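Q: First the structure, then my questions, so here it is.
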Amino acid sequence: MTNNEATTAPSRRGAFISLEGIEGAGKSTCVPAIEQWVKGRAKEVVQTREPGGTPLAEVIRNLVLGIGVDDEVEAPTSDTETLLMFASRAQHLDEVVRPALDRGAWVICDRFTDATLAYQGAARGLGMQRIFELAEWVHGNLWPDLTLWFDVSVETGLARASRRGAKDRIEQERQDFFSKVRAGYLELASLYPERVKVIDAQRSMDDVAVQVIQELEAYGLRRENV
Ligand code: T5A
């Protein structure tokens, strides 16, 4: 297993924070509170997402999620889906994430490689090791400094997500698929407890926001003490 910790001294560059969870976990809902907290401490905040985050990466996002794709176009295989995620990520890292961190910005990224580990590695069955190999190629030791995993039951997450209407290709998966995604995240949280912090996203939006801010405060203190 690879070293899953950021190697650049945090004090010399910006911070990289990723948000993870199954559909409907409440990540996007929490972004404004996170942004507000970071704005009080950082000279620049970059809020972005994966797959996507640049014009080309957003085109790849639509392809992989089947948005605006003709019905006669076949669905990607699991390998193709994985490689598209990393193609989007490679572009996003070069165009957005690395330059922002080099400027000293704090990057808040809705999903990163932990999503590939959980969705493609665990749920599609490619295995974590295959994903770590691709991660090593695409981003080496550049991992988030802090990952907030919004943990919610599959039933609750899917019920919340279904209120949004039309489902993309991955959202149409069966409940069993998302149980495997959640198990993948659970494994990551136990493997990397220093980086991956579990947010109890089953609770009310206000309670979730309180715990998120507590984790940010704790991260801020650790960073100051490096
Ligand atoms: N993917 C992505 C991979 O398979 N591999 C990869 O490598 C990567 C990077 C991305 C898809 O791509 C997959 C994963 C995804 O399937 P997306 O559109 O970015 O697609 O999907 P999500 O990130 O899952 O977005 P969601 O909107 O579904 O989830 P969120 O952001 O966690 O949920 P949010 O905040 O929009 O909330 C959903 C609803 O619940 C309510 C909100 O008001 C909203 O209506 N809500 C709550 N209700 C009650 N209590 C709370 N605590 C609530 N929090 C939110």
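Q: Which of the residues that make up segment 215-226 are surrounded by 18 or more Cβ atoms within 10 Å (Cβ to Cβ) and among the hydrophobic types (A, V, I, L, M, F, W, C)?
A: Leu216
Q: If you don't mind, there's one more thing I want to ask. Of the residues Ala42, Ala33, which single one is within 30 Å of Ile213 (Cβ to Cβ), surrounded by 14 or more Cβ atoms within 10 Å (Cβ to Cβ), within 15 Å of the ligand (Cβ to nearest atom) and more than 15 Å from the chain's Cα centre (by Cα)?
A: Sole residue among the options that is within 30 Å of Ile213 (Cβ to Cβ), surrounded by 14 or more Cβ atoms within 10 Å (Cβ to Cβ), within 15 Å of the ligand (Cβ to nearest atom) and more than 15 Å from the chain's Cα centre (by Cα): Ala33.
Q: If you go through segment 110-123 one residue at a time, do you hit one that is at positive phi and over 18 Å from the mean Cα position of the chain (by Cα)?
A: no
Q: Across segment 140-181, which residue is surrounded by the fewest Cβ atoms within 10 Å (Cβ to Cβ) among those that are more than 12 Å from the ligand (Cβ to nearest atom) and within 30 Å of Arg223 (Cα to Cα)?
A: Among those residues, the one meeting the criterion is Gly140.
Q: Mind telling me which of the residues Asp207, Asp176, Asp145 ends up being closer than 22 Å to Val38 by Cα and either β-branched (Val, Ile, Thr) or over 18 Å from the mean Cα position of the chain (by Cα) (or both)?
A: Answer to the check: Asp207.
Q: Under 6 Å between Cβ atoms, which residue pairs at least 6 apart in sequence (or on different chains) link something in segment 178-192 that is among the aliphatic types (A, V, I, L, M) with a partner that is away from the ligand (no atom under 13 Å from the Cβ)?
A: So the pair list comes out as Leu188/Val196; Ala189/Val196; Ala189/Val198.
Q: Filter segment 193-214 down to residues that are touching a residue at least 60 places away in the same chain (Cβ under 8 Å), under 27 Å from Leu142 (Cα atoms) and surrounded by fewer than 17 Cβ atoms within 10 Å (Cβ to Cβ), then give me how many there are.
A: 2
Q: A follow-up question, please. In segment 198-226, what count of residues is obtained for those that are within 15 Å of the ligand (Cβ to nearest atom), part of a helix (DSSP H, G or I) and either closer than 17 Å to Glu20 by Cα or β-branched (Val, Ile, Thr) (or both)?
A: Total meeting the criteria: 7.
Taken together, the values in this text are just the output of simple stated rules run on the coordinates, not laboratory data. Small disclaimer: the values here were computed from a predicted structure and weren't measured. Reconstructed Cβ throughout: ideal geometry from the backbone, glycine too, with neighbour counts over all protein chains shown.
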